[in-house]
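One structure below.
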Amino acid sequence: QLWQAALSTLNPNPTDSCPLYLNYATVAALPSRVSRHNSPSAAHFVTRLVRTCLPPGTHRCILMVCERSDAFASACALARAFPLFTHRSGASRRAEKKTVTVEFFLVGQDNGPVEVSTLQCLTSATEGVRLAARIVDTPCNEMNTDTFLEEIKKVGKELGITPTIIRDEELKTRGFGGIYGVGKAALHPPALAVLSHTPEGATQTIAWVGKGIVYDTGGLSIKGKTTMPGMKRDCGGAAAVLGAFRAAIKQGFKDNLHAVFCLAENSVGPNATRPDDIHLLYSGKTVEINNTDAEGRLVLADGVSYACKDLGADIILDMATLTGAQGIATGKYHAAVLTNSAEWEAACVKAGTRCGDLVHPLVYCPELHFSEFTSAVADMKNSVADRDNSPSSCAGLFIASHIGFDWPGVWVHLDIAAPVHAGERATGFGVALLLALFGRASEDPLLNLVSPLGCDADAQEADAERDSKRRRLV
């Protein structure tokens, strides 16, 4: 009777909750329908409800009621509610660790038991989300380039992979003028690090390139006192790539996959890059610096060039907290995608709705936008002439220009500046998106299910029908 009474009180608009028996439990309802640019899983609402409604205590349990197709997004959303990083003194004195047990109750057409392999996939994905969030939450006095390299080595050791690391003066010697120029003024030297998974029978080579600016002062084009706090999050792209790479390999990635990390601290000092300096990047192109705070595109330009020239990638995806303008262009919840492929643009949007890491396209039009980087003395400048002319698109095009707009492969750029955090906490955004987007390259059936690429017509039709009949209850 108590349960039925609680259910009858729920009126989600968009969500609602009801405490049960002295707050020992809570029942909460998700939106009965969502718009076409939201995830049918209502993932963002799942995270909010858990943060606000979960009863206190050391040992807690969450029962997630959903369709099988939403299990992946729901699990990642739940993981975001439980960040790992804290330096609160009370946490270190706590005698007993808190535990949260999550159970899934599947409803709808495909409502059979959850297989062990599915649970393992959810575990790998949620660990990846929390790993990425922990790195992004950790301040630079701890998460400097040295520490980030240790995180990469730790993942590599777990997977049986030895990373390739190019660092400090070797970057300069080998022509990585972008990464070296951005990070040369910092106490901890810049680095390019690569984790490579090359299984037998691979049919294509994929490179994920992450921006890992562990702190961004803006360099000599220094940020103000209100815009600099929070710049520990500027490594969000590299953190997501690391978390997703770990999960993807654990779940049986069938193709060649390279995770490329472009690590630097954009610091101020006697050795800092000056506006008017000209750097030679790994692509062979020269860049006149007119804004040292437009540094992410410089390190990523070296990263994608390396992926193209040295790794022979067929598909290059770079992920970065690149522009503040992204949050204006596509909002706080949707990452921005810029790509030379209409098919992959659509796939990114679809993958976002399936995994909860939402995505929306930017304008891809280099013939109208790339002129913003015209320089009289170098191949290009690093920042736009007109900040009112689609700056997020232009920033992505700068990166693409270093592999060439006529490059025959697939290039995808994901700007995650706004969704990488919610308030003062990191979200681990990007991990679920990468796993879903490349799910067809995995042996895991759940990742196959959430992947938008390679679906046959029947599966797409079933998808559309299921999306039109969504009803959610948590």
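Worth pointing out:
- Residue within the stretch 294-309 that is within 18 Å of L171 (Cβ to Cβ), in a loop (DSSP other than H, G, I, E, B) and open to solvent by 10 Å² or more (accessible area, probe 1.4 Å) present: no
- Taking the stretch 316-421 as the region of interest, the helices (runs of 4 or more DSSP H) fully inside it that hold 2 or more residues being within 25 Å of L281 (Cβ to Cβ) are 325-330, 366-369, 391-400.
- Taken together, the residues in the stretch 244-253 that are assigned to a helix (DSSP H, G or I) and either among the aromatic types (F, W, Y) or open to solvent by 20 Å² or more (accessible area, probe 1.4 Å) (or both) amount to 4.
- Residue in the stretch 283-290 that is over 21 Å from V384 (Cβ atoms) and in the same structural domain as A191 (by the TED database) present: yes
- Subset of the stretch 26-75 [among the acidic types (D, E) and under 21 Å from A335 (Cα atoms)]: D70
- Test for S35: is it of a type outside the set (K, R), outside any helix (DSSP H, G or I) and in contact with a Phe, Trp or Tyr (Cβ under 9 Å, 6 or more places away or on another chain): no
- G236 being under 16 Å from the mean Cα position of the chain (by Cα) and closer than 26 Å to A436 by Cα: yes
- Residue within the stretch 152-170 that is in contact with a Cys (Cβ under 8 Å, 6 or more places away or on another chain) and either charged (D, E, K, R) or in contact (Cβ under 8 Å) with a residue 12 or more places away in the chain (or both) present: no
- Boolean, V102 is assigned to a strand (DSSP E or B), over 24 Å from the mean Cα position of the chain (by Cα) and among the β-branched types (V, I, T): no
- S383 passes every criterion in (1) open to solvent by 40 Å² or more (accessible area, probe 1.4 Å); (2) out of contact with any helix residue (DSSP H, G or I) (no Cβ under 6 Å at 6 or more places or on another chain) apart from (1).
- Tally of residues being of a type in the set (F, W, Y) and either closer than 19 Å to K211 by Cα or not assigned by the TED database to the domain that holds D314 (or both) across the stretch 231-270: 2
- Entry remark, the stretch 254-264: residues being surrounded by fewer than 24 Cβ atoms within 10 Å (Cβ to Cβ) and touching a helix residue (DSSP H, G or I) at 6+ places or on another chain (Cβ under 6 Å) number 2 in total.
- Set side by side, the residues T273, T353 differ, and just one is open to solvent by less than 30 Å² (accessible area, probe 1.4 Å) and under 24 Å from L434 (Cα atoms), which is T353.
- Conditions (1) on the phi < 0 side of the Ramachandran plot; (2) open to solvent by 10 Å² or more (accessible area, probe 1.4 Å): number failed by S390: (1)
- Any hit, the stretch 55-73, residues being surrounded by fewer than 12 Cβ atoms within 10 Å (Cβ to Cβ), outside any helix (DSSP H, G or I) and touching a Lys or Arg at 6+ places or on another chain (Cβ under 6 Å): yes
- Total residues in the stretch 74-93, condition in a helix (DSSP H, G or I) and closer than 27 Å to A43 by Cβ: 8
- Residues of the stretch 271-293 satisfying the condition of being closer than 26 Å to L195 by Cα and not in a loop (DSSP other than H, G, I, E, B): L280
- Filtered residue count, the stretch 30-63, keeping only those that are of a type outside the set (V, I, T) and either over 21 Å from L358 (Cα atoms) or outside the structural domain of D110 (by the TED database) (or both): 9
- Scanning the stretch 113-125 for residues being open to solvent by 30 Å² or more (accessible area, probe 1.4 Å) and not acidic (D, E) gives a total of 7.
- Single condition N141 does not satisfy, out of (1) surrounded by fewer than 23 Cβ atoms within 10 Å (Cβ to Cβ); (2) free of Cβ contacts under 8 Å to residues at least 60 places away in the same chain; (3) assigned to a helix (DSSP H, G or I): (3)
- Condition check for N23: over 30 Å from the mean Cα position of the chain (by Cα) and either modelled with pLDDT of 95 or more or loosely packed, with under 14 Cβ neighbours inside 10 Å (or both): yes
The values are calculated or read from the model by the stated rules, or taken from the named source; none is laboratory data. Predicted model only: the values in this text are computed from it and were never measured. Neighbour counts run over all protein chains shown; Cβ positions are idealised from the backbone, glycine included. When the accessible area is computed, the model is the full protein with side chains, heavy atoms only, and any ligands, DNA or RNA have been set aside. Shrake-Rupley method; radii C 1.70, N 1.55, O 1.52, S 1.80 Å.
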